């Protein structure tokens, strides 16, 4: 009897699906460049303080991207 052969189910085909992830949009925004608006020492100090704050924010964005990237690669 050949009817037993019809009871064997074929193995399912597994196809990997690649899902590309991107970082959140706010992490990809350009950092604003502060502009020197005057020529006094106080204005230069303000520019420097603002520039340091911008650098800190850019570094925080890069740290967040790195953390996100590491968490994504650990899910693979």
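The values are calculated or read from the model by the stated rules, or taken from the named source; none is laboratory data. None of the values given here were measured: they were computed from a predicted structure. Methodologically, a virtual Cβ is constructed for each residue, glycine included, from the backbone with ideal geometry; neighbour enumeration extends over all protein chains shown.
Points worth noting:
- Pairs are defined by a Cβ separation below 6 Å, a sequence spacing of at least 6 or placement on different chains, a first member in the range 50-76 that is under 21 Å from residue 35 (Cβ atoms), and a second member that is part of a helix (DSSP H, G or I) and modelled with pLDDT under 85; the pairs so defined are 61/27.
- Test for residue 29: is it in contact with a helix residue (DSSP H, G or I) (Cβ under 6 Å, 6 or more places away or on another chain) and modelled with pLDDT under 90: no
- Filtered residues of the range 39-76 (kept if in a loop (DSSP other than H, G, I, E, B) and either surrounded by 12 or more Cβ atoms within 10 Å (Cβ to Cβ) or at pLDDT below 85 (or both)): 75, 76
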